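S.K.: Next up is a structure, given as structure tokens.
The values are calculated or read from the model by the stated rules, or taken from the named source; none is laboratory data. Model, not experiment: these values are computed from the prediction. Positions of Cβ are generated from backbone atoms using ideal geometry, with glycine treated the same way; all protein chains shown enter the neighbour counts. Areas reflect the complete protein model, heavy atoms only, side chains present, ligands, DNA and RNA absent. Shrake-Rupley method; radii C 1.70, N 1.55, O 1.52, S 1.80 Å.
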Amino acid sequence: MSTVLRIRDLTVRFRLRDTIVQAVSGLDLDVRRGELLAIVGESGCGKSVLAHSLMGLLPKNAQVTGSALLRDTDPADTGPVELISAAPRRFARGIRGRRIGLVPQSPATALTPVRTGRKLLEETLRVHRRTTDADTLAADVGLAPADLDRYPFELSGGMAQRLTTALALAPDPPLLIADEPTTGLDRPLVDHTLDLLRRRCDTGGTVVVITHDLTAAERVADRVAVMYASRLVEHRPADAFFASPSHPYAAALLDALPTRSFNPVPGHPPMLTALPDGCAFAPRCPAANSDCARRPDLDPDTTEGVACHHPLVTEEVG
Amino acid sequence: MSTLAARGVGVTFGHAVVFDDVDVELARGETVGLRGPSGCGKSTLARVLALLHGPDRGHVSIDGSPIEGARYAVPVATRTRIALLFQSPRAAADPRLSLLDLIAEPLLATGTDRTTGRARARALADDVGLTEDLLERRPHAVSDGQLQRACLARALVHNPDYLLLDEATAMLDASTQALVAQVLIAYQRQHQAGVLLVSHDLALLDRWADRTIDWNELIS
């Protein structure tokens, strides 16, 4: 299967007044065409920063190094695009929205307050010369036509969420990054949105869902990548992952679900201003020993596997 | 009786009747879940209960005494007994304040001195699992989950008797959600607080709430 997005050694640092925050560290990730990849992880681990770095949406104090090569089949394609070095103008004209769509987190702050949903959608459709009409698109995301004529402040959290999803889908981007697309939706609407994303993948699109909703990820994802303290720690096919997570962190995260033990992962994640050299999870890990001072890595070729010296599955087998 | 109750409340926006004649009661010490479809008016009801939006019909009462006053000139001593944690911390937090000031602000606004206020804010930040390096940052430099934990600490700063959570853990990862639940359950035990959980997450309500109200039962 072809790789739509090939990320290598991606590092994002933010320069603050007196410190440097490292939000993404040496991240390698292949996103394959037609697949739905779920990126999961604790709050503040760098998931959204990763998405924003690919969209050219980081603030000025961000330093980005590494490579992220976008290869899609855009008809007006000028070949693969290196996203990390792309100029802001290039992002605005040809990449953002058109080739990579983003469903932003916090719809409450993502919508222009002075226009109705219909105006926003129609404008996007016109700019991208789409023939679909706003009502069809709204129906796709489960939004009633009447709700389209409201201003963002008149929408509930769930309605605003569906409107931002419709806006991201309007240009029909080959790659869609959805940052928490199901927050604030009730269960039927969550399922509706997930099915919509799933259908995009089944018809040749590619979707990356950033989510903390593990139940949602289990329902639709082909593959799961777990992020912890700015790095990927596990990246495996979704069915294998949910059957038996390998990384102790992934296992602890799944265990925190209300349907399981409902206990938080003990301890705090490390500060991103002072990341350890070795495994960042070691201080919270029951299996940690002296090996953990050396940083474990994923398979550098496939970007898959588990970055741990004592993965759980191996332990059970051996 | 120690309850926060809405009696026959109704809210109308323009021509749209959001809901009418709704009765709901939250006693101290209990955790009540409220579930309902997206956009049905759950958040509006939470705002009414939090005394942020005056109902067009009916009234809200605390411990049996109705809240009086045109358009909610509610005394500070009453207002601080109820705290609301919003769905979107990004929209709720003042972008100009550091997380520490965000947490301390309600105390400073009611006359606590800055040193005491900040010390209390620091202790609360620790309770909700915010590390020291985050406290001097402003909202744009932290994640939604971290910001929501700061908002939780802010909500607890006046030791409220009633806590209303409007989908407040929906944007949190499983571990942070469990942590917030732990903090709140501990707080509730200590203060005998009444907690209202507005949520779509049935698994969460099953696990956390003593009883769950379905929106359809409220309006029928």
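S.K.: Within region B:191-199, is even one residue among the polar types (S, T, N, Q), surrounded by 23 or more Cβ atoms within 10 Å (Cβ to Cβ), part of a loop (DSSP other than H, G, I, E, B) and touching a residue at least 12 places away in the same chain (Cβ under 8 Å)?
M.R.: Quick first cut of region B:191-199, residues among the polar types (S, T, N, Q) only: B:192, B:199.
Going one step further and asking which of them are surrounded by 23 or more Cβ atoms within 10 Å (Cβ to Cβ), we end up with B:199.
Right, trim to part of a loop (DSSP other than H, G, I, E, B) and you get B:199.
If we keep only those that are touching a residue at least 12 places away in the same chain (Cβ under 8 Å) too, we end up with B:199.
The answer is yes; a qualifying residue exists.
S.K.: Continuing with this model, one more query. Quick one: would you say A:SER48 is farther than 19 Å from A:PHE241 by Cα and either touching a residue at least 60 places away in the same chain (Cβ under 8 Å) or facing another protein chain (nearest Cβ under 9 Å) (or both)?
M.R.: yes
S.K.: Now, a different point. Any idea how many residues of region A:135-148 are open to solvent by less than 20 Å² (accessible area, probe 1.4 Å) and within 26 Å of the chain's Cα centre (by Cα)?
M.R.: Matching residues across region A:135-148 total 4.
S.K.: Which fully enclosed helices (runs of 4 or more DSSP H) of region A:224-318 have 2 or more residues being exposed (fewer than 15 other Cβ atoms within 10 Å of the Cβ) and away from chain B (no Cβ under 12 Å)?
M.R.: Helices (runs of 4 or more DSSP H) meeting the threshold: A:238-243, A:312-317.
S.K.: Tally time: how many residues in region A:195-223 are of a type outside the set (Val, Ile, Thr), out of contact with any Leu (no Cβ under 6 Å at 6 or more places or on another chain), modelled with pLDDT of 95 or more and not in a helix (DSSP H, G or I)?
M.R.: 0
S.K.: Still on this structure: Kindly list, by first and then second residue, each pair from a residue in region A:6-22 that is within 11 Å of chain B (Cβ to nearest Cβ) and over 25 Å from A:GLY79 (Cβ atoms) to a residue that is part of a loop (DSSP other than H, G, I, E, B) and open to solvent by less than 40 Å² (accessible area, probe 1.4 Å), limited to pairs with Cβ atoms under 6 Å and residues at least 6 apart or on different chains.
M.R.: Listed by first residue and then by second, the contacts come to A:VAL21/A:LEU272.
S.K.: Considering region A:186-197 alone, what residues qualify as being among the charged types (D, E, K, R) and within 11 Å of chain B (Cβ to nearest Cβ)? Reasoning before the result, please.
M.R.: The first filter runs over region A:186-197 and keeps only residues among the charged types (D, E, K, R), leaving A:186-187, A:191, A:195.
Result: A:ASP186, A:ARG187.
S.K.: A further question on this structure: Tell me which residues, restricted to region A:149-179, are open to solvent by less than 10 Å² (accessible area, probe 1.4 Å) and of a type in the set (Asp, Glu).
M.R.: Within region A:149-179, A:ASP179 is the sole residue that qualifies.
S.K.: Can you name every residue in region B:47-63 that is open to solvent by 60 Å² or more (accessible area, probe 1.4 Å), in contact with a Gly (Cβ under 9 Å, 6 or more places away or on another chain) and assigned to a loop (DSSP other than H, G, I, E, B)?
M.R.: B:ASP56
S.K.: Can you name every residue in region B:19-37 that is under 15 Å from B:ASN216 (Cα atoms) and open to solvent by 40 Å² or more (accessible area, probe 1.4 Å)? Full working, then the answer.
M.R.: Pass one, region B:19-37, residues under 15 Å from B:ASN216 (Cα atoms): B:19-24, B:33-37.
Those that are under 15 Å from B:ASN216 (Cα atoms) and open to solvent by 40 Å² or more (accessible area, probe 1.4 Å): B:ASP20, B:ASP21, B:ASP23, B:ARG35, B:PRO37.
S.K.: Here's a follow-up. Just one of (1) open to solvent by 40 Å² or more (accessible area, probe 1.4 Å); (2) within 13 Å of chain A (Cβ to nearest Cβ) trips up B:PRO66, so point out which.
M.R.: The failed condition is (2).
S.K.: List the helices (runs of 4 or more DSSP H) inside region B:81-152, counting only whole elements, that have at least 3 residues being over 16 Å from the mean Cα position of the chain (by Cα). Even if it seems obvious, please write down each step before you answer.
M.R.: Numbers: elements: B:89-92, B:99-109, B:114-127.
In region B:81-152, B:99-109, B:114-127 are the helices (runs of 4 or more DSSP H) which contain 3 or more residues that are over 16 Å from the mean Cα position of the chain (by Cα).
S.K.: Take the residues in region B:38-63 that are more than 17 Å from the chain's Cα centre (by Cα) and either within 15 Å of B:ILE213 (Cβ to Cβ) or among the hydroxyl-bearing types (Ser, Thr, Tyr) (or both), then tell me which one is farthest from the other protein chains (Cβ to nearest Cβ). Quick ask: steps written out before the conclusion?
M.R.: At the first step, the residues of region B:38-63 found to be more than 17 Å from the chain's Cα centre (by Cα) are B:38-40, B:55-59, B:63.
Now restrict to residues that are either within 15 Å of B:ILE213 (Cβ to Cβ) or among the hydroxyl-bearing types (Ser, Thr, Tyr) (or both): B:38, B:40.
Working: B:SER38: 3, B:CYS40: 8 Å.
It comes out as B:CYS40.
S.K.: Moving on. Of all residues being surrounded by fewer than 24 Cβ atoms within 10 Å (Cβ to Cβ) and in contact with a helix residue (DSSP H, G or I) (Cβ under 9 Å, 6 or more places away or on another chain) in region A:198-209, which is nearest to the other protein chains (Cβ to nearest Cβ)? Just the residue, please.
M.R.: So, considering only residues that are surrounded by fewer than 24 Cβ atoms within 10 Å (Cβ to Cβ) and in contact with a helix residue (DSSP H, G or I) (Cβ under 9 Å, 6 or more places away or on another chain), the one nearest to the other protein chains (Cβ to nearest Cβ) is A:ARG198.
S.K.: Provide a single number: the residues in region A:113-134 that are open to solvent by 60 Å² or more (accessible area, probe 1.4 Å) and either away from chain B (no Cβ under 14 Å) or touching a Lys or Arg at 6+ places or on another chain (Cβ under 9 Å) (or both).
M.R.: 11
S.K.: Sort out which residues of region A:92-112 are among the hydrophobic types (A, V, I, L, M, F, W, C), open to solvent by 60 Å² or more (accessible area, probe 1.4 Å) and either within 14 Å of another protein chain (Cβ to nearest Cβ) or touching an Asp or Glu at 6+ places or on another chain (Cβ under 6 Å) (or both), and write them in order of number.
M.R.: A:ALA108
S.K.: Still on this structure: The conditions are (1) open to solvent by less than 20 Å² (accessible area, probe 1.4 Å); (2) among the small types (Gly, Ala, Ser); (3) over 24 Å from A:GLU234 (Cα atoms), and A:SER85 fails exactly one of them. Which is it?
M.R.: (1)
S.K.: A:THR11 versus (1) over 30 Å from A:ALA160 (Cα atoms); (2) in a loop (DSSP other than H, G, I, E, B): which is the lone unmet condition?
M.R.: With (1) over 30 Å from A:ALA160 (Cα atoms); (2) in a loop (DSSP other than H, G, I, E, B) applied to A:THR11, the lone miss is (2).
S.K.: Please pick out the residue among A:ALA144, A:ALA110 that is within 30 Å of A:ARG32 (Cα to Cα) and modelled with pLDDT under 95. Break it down stepwise before answering.
M.R.: Details: A:ALA144 fails: within 30 Å of A:ARG32 (Cα to Cα).
Answer to the check: A:ALA110.
S.K.: Being of a type outside the set (A, V, I, L, M, F, W, C), open to solvent by 10 Å² or more (accessible area, probe 1.4 Å) and more than 11 Å from every other protein chain (Cβ to nearest Cβ) is the filter here; which residues of region B:146-183 pass it?
M.R.: Matches in region B:146-183: B:ARG154, B:HIS158, B:ASN159, B:ASP161.
Residue by residue, here is whether (1) at positive phi; (2) at pLDDT below 90; (3) in contact with a helix residue (DSSP H, G or I) (Cβ under 7 Å, 6 or more places away or on another chain) holds:
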{"position": "B:SER88", "(1), (2), (3)": "no, yes, yes"}
{"position": "B:ASP94", "(1), (2), (3)": "no, no, yes"}
{"position": "B:ILE103", "(1), (2), (3)": "no, no, yes"}
{"position": "B:THR110", "(1), (2), (3)": "no, no, yes"}
{"position": "B:GLY117", "(1), (2), (3)": "no, no, yes"}
{"position": "B:ALA121", "(1), (2), (3)": "no, no, yes"}
{"position": "B:ASP126", "(1), (2), (3)": "no, no, no"}
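S.K.: Report whether or not A:THR183 is within 14 Å of chain B (Cβ to nearest Cβ) and among the polar types (S, T, N, Q).
M.R.: Judged against the criteria, A:THR183 is a match.
S.K.: Here's another thing I want to ask about it. Go through A:GLY66, A:GLY44 for me and flag whichever is assigned to a loop (DSSP other than H, G, I, E, B) and over 23 Å from A:CYS201 (Cα atoms).
M.R.: A:GLY44
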